Structures are given as structure tokens and as C-alpha cells.
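**Q** The structure under discussion is supplied below as C-alpha cells; questions concerning it will follow.
The values are calculated or read from the model by the stated rules, or taken from the named source; none is laboratory data. Given the structure is predicted, the values throughout are model-derived calculations rather than measurements. Here the Cβ is made from the backbone with ideal geometry for all residues, glycine too, and neighbour counts use every protein chain on show.
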Amino acid sequence: MIEYRSVTKQFPDGTLAVEDFSLVLPSRQTTVFVGSSGSGKTTLLRMINRMVDPTSGTIEIDGVDIATLAPVNLRRSIGYVMQNSGLLPHRTVVNNVATVPLLRGVPRQKARENALALLDTVGLDRSLADRYPSQLSGGQQQRVGVARGLAVDPNILLMDEPFGAVDPIVRAELQQELRRLQVELDKTVVFVTHDIEEAFLLGDQVVILRTGGQIAQVGTPSEILANPADEFVASFVGADRGKRALHFENHNGSDILVDSEGRIAGVIETDAAASVPPPQSVSESKAGSVSGSGAPAQGGDQR
Ligand SMILES: Nc1ncnc2c1ncn2[C@@H]1O[C@H](COP(=O)(O)OP(=O)(O)OP(=O)(O)O)[C@@H](O)[C@H]1O
Ligand SMILES: [Mg+2]
């Protein structure tokens, strides 16, 4: 469990990025921070692995104040996936994935084996292992970024707009893959996006932020959709615009997120078994754009 207690971050130039933020992020669930540009999402995320330290307040992981932990060790024990994958251009795919384990002293051969297994986990063919990032598509690069985030088998995975830079179809594939991984790996995920549909698709807990890291509303997607806290949230979820008004419809046991024009924005499966998407599904909707990578090779041997 991650807990923010009255956390404030003021940058040296006076910018108040986050003010008096308190929230519990439950273990083994996905919390999504969603809000417009400058609302403090990245700052909130980076305070968890001490890339940014709060000006006041504390953050605890499983009851331990992270200010008492060495930042480098903390950072190496938490997965971090950034926008544009953040891959090292002069290292091969497999070496990108193995970077942090190697830094932590894992023997080269073992690190390579683990990295190859992680390529399977994220649905990448092992034949790509010795390519350089520039020789991959944008979506493949993002998958490598996710594999790298998982490489130290972290309990916590931080993801900062990881799918922001890819086209909508690939983005939908990556979202579905992440949903599969959430069930398979059972990590505590903190995900940042400015896309409310992505937030509702991926979040167990969704936190809608205004400027200054102010919580406009926190809840499950259905709670927020059913009962927007105020005008700000209502307009954010599109409830008062008609056009994008999102709502859930239940079809054959799956909750489907639908916009007001009947377009499917995503599928929320109701049990773990149903959450592995079929290899080929409706091609028209986002929900159907699943990858055909099928069963993961790693099974349930990771958290
Ligand atoms: N190093 C810094 N120095 C000064 N101000 C900063 C710094 N980093 C961020 N800020 C400011 O803090 C506020 C929050 O920034 P943050 O990066 O957390 O926003 P964000 O919600 O992630 O935005 P985006 O969606 O654009 O990524 C912004 O006003 C930003 O300009
Ligand atoms: Mg940001």
C-alpha cells in the first residue's frame, strides 16, 4: 500500500505543483491519476520513487516512510515506464530490459534469460531481442519499455503516460495487454494519463485532479460515472457535453464502456478468467483491438 500524507511539492521557482495531497493507493490494484496538463500527475508519480522529494508531508510504502530509504535502492526496486518508452538508443532491446538487473549485480547470462522471458510476457517476439530501439515500431518500443519496468520484478510499477505517443489502434492493443498483465502479475500499478477513457479502462481507483494536485474526485470508474462530484468532474467525463458521455453497459457478464455515440471505449471484465482477451475479436472497436500474442510464457510465477 502506498500512502500520501499531506504531501506538498513546491519547486524552487515557487510553482506549487501539489498541495496538501492525501490518498491511499491499495496494494495490487491500479490507481490512475488523470487530469489536464500541469495538474501535478508526474510530480505525484515521481515522489513515489524519490525522483522528486516533497517539500512537506510524507509518503509511506507498506508503512515505511520512504524519506528514510536510499533513493537509488528505492528507484531500482520500483518499475518505471515513461512516455516515449525512454529506451537507451545505443543498447539492444534485451540489454535495455536487462539494464537495471545488471546494475543490481545479476549475472549477465541470467539477466539475459530473464529479459527474454519478459519479452514473452509483454507479447514481443524474441527475434527482436538483438535489435536496437530505432529498429522497432512505436508500439514495440512501448512494450520494451513495459518489459524494462518489470525487469526487477517490482511490487510497484509506475507508468507515466506510457501509451501517449502511439496511434489509437496500437494504443488500444497496449491497453488490452496491460489489462492482461494486471491480472497475471498482480502488481500495484500507478498510471498517469490525461485520457479519461484510458483511466476508466485501466483504473481500479481513478483520481481526477485539478491544478495543484487537488483531488476533484476519487472512486471506481462506475462510482465516478454514476455520480460525478461536481461540474468540473462532469465536464471532464463528458457527462454534460452529450458527445462523449461515457457510460457502462453490461453484455454477457462484461461491463463495456460506451460513449454516447455507441462506440466502445473499452471492456471491463468481471472476473480474472474472462480478462484474457480472445486472440481475434471485433476489429472495429478499441476493445477489439487486442494483440494476438496469446498466452503469456511466464505463467503466474511473478507477482
Ligand atoms: N522542475 C520543475 N520546476 C518548476 N516547476 C515544475 C517543475 N516540474 C514541474 N513543474 C510545474 O509543476 C506543475 C505540475 O507539473 P507536472 O509535470 O507534475 O504536471 P503533469 O500533470 O504531469 O502535466 P502533463 O500532463 O503536461 O505531463 C506544472 O505547473 C509544472 O510547470
Ligand atoms: Mg506529466
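**Q** Looking only at the stretch 59-72, decide whether some residue is within 21 Å of residue 209 (Cβ to Cβ), within 16 Å of ligand 2 (Cβ to nearest atom) and not in a loop (DSSP other than H, G, I, E, B).
**A** No.
**Q** Still on this structure, please answer the following. Test of understanding: among 100, 72, 64, 24, which residue is in contact with a helix residue (DSSP H, G or I) (Cβ under 6 Å, 6 or more places away or on another chain) and of a type in the set (A, V, I, L, M)?
**A** 100
**Q** In the stretch 97-124, which residues are surrounded by fewer than 16 Cβ atoms within 10 Å (Cβ to Cβ) and at pLDDT below 95?
**A** Once the filter is applied, which keeps residues that are surrounded by fewer than 16 Cβ atoms within 10 Å (Cβ to Cβ) and at pLDDT below 95, the stretch 97-124 yields 103, 104, 105.
**Q** Quick check on my filter: what residues within the stretch 1-28 are assigned to a strand (DSSP E or B), more than 16 Å from ligand 1 (Cβ to nearest atom) and either under 23 Å from the mean Cα position of the chain (by Cα) or surrounded by 14 or more Cβ atoms within 10 Å (Cβ to Cβ) (or both)?
**A** Of everything in the stretch 1-28, those that are assigned to a strand (DSSP E or B), more than 16 Å from ligand 1 (Cβ to nearest atom) and either under 23 Å from the mean Cα position of the chain (by Cα) or surrounded by 14 or more Cβ atoms within 10 Å (Cβ to Cβ) (or both) turn out to be 2, 3, 5, 22, 24, 25.
**Q** Are any residues in the stretch 121-174 acidic (Asp, Glu) and under 20 Å from residue 100 (Cα atoms), and if so, which ones?
**A** Hits for the stretch 121-174 are 130, 153, 160.
**Q** Scan the stretch 198-214 for residues that are within 19 Å of the chain's Cα centre (by Cα) and in a strand (DSSP E or B) and jot them down.
**A** Within the stretch 198-214, 205, 206, 207, 208, 209 meet the criteria.
**Q** Can you find, within the stretch 163-197, the residue that is nearest to residue 4 (Cα to Cα) among those that are assigned to a strand (DSSP E or B) and not aromatic (Phe, Trp, Tyr)?
**A** Ranking the candidates gives 190 first.
**Q** Looking at residue 49, is it among the polar types (S, T, N, Q) and surrounded by fewer than 16 Cβ atoms within 10 Å (Cβ to Cβ)?
**A** no
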